[in-house]
1. What would the Debye formula give as log10 I(q)/I(0) at q = 0.13, 0.21, 0.23 Å⁻¹ for the alpha-carbon point model of segment A:47-120, no solvent?
2. Let me know the volume per residue of the alpha-carbon convex hull for segment A:1-99, in Å³.
3. Once you have the alpha carbon radius of gyration of segment B:82-194, what is it after dividing by 2.2 N^0.38 Å, with N set to its residue count?
4. Can you list, shortest first in nanometers, how far B:GLY153 lies from the same residue in the other copies, with each label 7 Å from Cα toward Cβ?
5. Compute the Rg/Rh shape ratio of the protein assembly as shown: radius of gyration over Kirkwood radius, all on alpha-carbon atoms.
6. Treat every Asp and Glu Cβ in the protein assembly as shown as -1 and every Lys and Arg Cβ as +1, leave all other atoms uncharged, and give the resulting dipole magnitude about the Cα centre to the nearest 20 debye.
7. Which of A:VAL223, B:ALA218, B:VAL105 sits farthest toward the positive end of the charge dipole of the protein assembly as shown, with +1 on the Cβ of Lys and Arg and -1 on the Cβ of Asp and Glu?
8. Where a Cα-Cα gap under 27 Å defines reach, which lysines qualify for B:LYS109, not counting those fewer than 8 residues away within the same chain?
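Where a number appears in this text, it was derived from the coordinates with a stated rule and is not lab data. This one's a predicted model, so the numbers in the text were calculated from it and none came from an experiment. Positions of Cβ are generated from backbone atoms using ideal geometry, with glycine treated the same way; all protein chains shown enter the neighbour counts.
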Protein chains: 2
Amino acid sequence: MEAEDAGQTYEFDQATAVEQGPTDGTYEMDVDAGWTVGPKPNGGYLLAAAARAGAAALAAAGSDHADPTSSTAHYLSAPDPGPAEIRTQVLRTGRTASQVRATIVQGDKACVDATFTMGTLTTDPDGPWWSNRVPFELPPIDECVKLPSSRGGDSMVVSIMDRSDLRLDPAVIGFATGQPSGRAELRGWISFADRRPVDALGLLFIVDAFPPATFELAQTGWVPTISLTAYVRAVPAPGPLRVRQAAQVVDGGRFDEICEVWDSRDRLVAQATQLAAIRIPEGLKPPAVRETRSY
Amino acid sequence: MEAEDAGQTYEFDQATAVEQGPTDGTYEMDVDAGWTVGPKPNGGYLLAAAARAGAAALAAAGSDHADPTSSTAHYLSAPDPGPAEIRTQVLRTGRTASQVRATIVQGDKACVDATFTMGTLTTDPDGPWWSNRVPFELPPIDECVKLPSSRGGDSMVVSIMDRSDLRLDPAVIGFATGQPSGRAELRGWISFADRRPVDALGLLFIVDAFPPATFELAQTGWVPTISLTAYVRAVPAPGPLRVRQAAQVVDGGRFDEICEVWDSRDRLVAQATQLAAIRIPEGLKPPAVRETRSY
C-alpha cells in the first residue's frame, strides 16, 4: 500500500499510517496536524486513514483486497490532531470484493464512521467500455493559480494546501478576492506536494481536497461535510490530475457537491459526491444561475 | 413513520415493518417476497427497511430523528424472502442530526450494511436557495408505458413492478423489445401502486426502483448493486414523481448510475448514486455515444 521511491516515505503515507492496536481489529493512528482545514483534519484525509486500517483488517483476515472501490464516510464529530483509534470490522471477504468497516474514535467519541467495498483495481488499457463523460477544459498548469495555505492576517490556515500542489483555473478564483463567479464550480490541477504517485488510496484524499464549490456562490463560513462517498474507477496514470468539483442544489441548509478526477490519459479515475451543511447569512440573496444542466 | 390513511396500512409499510428483537438494538423483519427482482429483494426496499430499524433504534435512544438525510448501503449478499434480523448501532445522537448503522443479517450472514445520517426534514416553501438542476422533459403520464412485472414465458418476475406504478417515457423503452437506444438513460413517472404518499423513507425505495439504465446500452444479465447512496433533499409534494436514472461510465466490469427524483412542484426531492457490477458479453461492442456531457 505504501508508495515508496528509493526509500523515500511520502507525507501522505506517514500521515495515514496505522499500527496494530492492543486488541484484534483495532489500529492506532496519529491524526496529523499537517492535513487540516483550520484546526480540524480534512475529511478526505480521514477517509484515507480509515481505508488503510480497513485494508489492514482485511489482510489480517486473509484477503488481499486493498483498493477502496466504493467508500462512504459519515462525519460525526471532528477529531483533533493527535492520537486516535480506528476500530475495524470485517463484514465479508469474497473472491472479487470484500467489505470492511472502520470507525475513527478519539477519547471514546466516534468521529468518522466509514464503510468500504474493496477489491484489487486493474485498469483496462483499452479505456472504459462506454462513457458519456468527457474531460473538461483547463488552462495549462502554469497558467493556473496556486492556493496558499494562508492568506496572512488572522485568516484560517488550510495546511492541506502545503501537502498538495493545487492550481485553480483562473476563471474560478473569484472567491479568493471576494468576487464569487456565481457558478458553483471549481476546476484545477492537483498533485501531492512531494510528488507521491496518486494511487487508489490517494484518490480518497484528492476527491475532498478542493475548497467547497459553494465559495463561488457566497462567502460563508465552514461547510462541514455530513457524508462523503467516493468511487475509484481506475488506477491513475502518472502526472497531475484534473479535478472538477461542482455544487448542484443548496436547499434547507445543505448542499450536494460532485467531484470528478481525470488523469493524464483522459481517464476518469474517481468520482465522488458529498452532502454538506451550509449556513446562508440571513437575507443573503443567491446569485443568478448562469448555467443549468438540461437533458 | 407509517403512512396511514383512514386505517389503511400500505404495502410498503407492511413490507418494511420491523419489530423489537430479543436483544437491545436488534429488530426482526420479514423480507417480503413481493418486493423482488427475480428471486431476490430489491436493494432500495432493503435500504428502506434498514432505515426503519435505524429510526427505531434512534427513538429508543431518545432521538426523534427519523428522516434519512444521507444513506449508504453496501450489499454483501442478497437475502432470500423470509425472516431476517436487523442489528443496529446508534453512533451519535445530536441536536439537528443523528447517525445510526443497521445491518440486515439472515442466517448469521451479513447481507446489507447501511449507515444513515438522520434528521427531521422540513421543506422550505420558497424552494432551494440555489440550484443548477432543472427538471427534465417527460411526456404526460398517460402517454408513458407501464412496465409489467413479467413478460411471460420464462422471463424473470420483477414483483416490485406490481408494488409501484412505473411509467417509462416511450423514448427509453427500446430495451424491452431488444432494441436499446444506445443512451444509458431512463426517465419516467412513479408512484406506489396503492397510492401510499411518498415520504423520506419511501424515497429510499424510489431511487432504486427503475430498471438499470445500462439496459439501454446492452442486453446483459442481472447487474448487482455494490453500494447505493441516497440523499433526501425535501419532502415530496403529493402526486406521481418523475425519475431520471442515468449510467455514466462503464469501466472494468462496473458502472455508476445517478438518479434524480422530482416532485409535482418541480422540486428535486432526492438524489442517488450507485455503483454496480456488469458483465459485458465477450466481444460485445459498445453502442456509439450519442450524447456526452460537456462543461
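1. Here log10 of I(q) over I(0) equals -0.34, -0.78, -0.90.
2. Enclosed volume per residue, from the Cα hull, is 117 Å³.
3. In units of the 2.2 N^0.38 Å rule of thumb, it is 1.51.
4. For B:GLY153, the other copies' label points sit at 7.1 nm, shortest first.
5. Looking at the protein assembly as shown, the ratio lands at 0.94.
6. 940
7. B:ALA218
8. Counting by Cα, and skipping residues close in sequence, B:LYS109 has these lysines nearby: B:LYS40.
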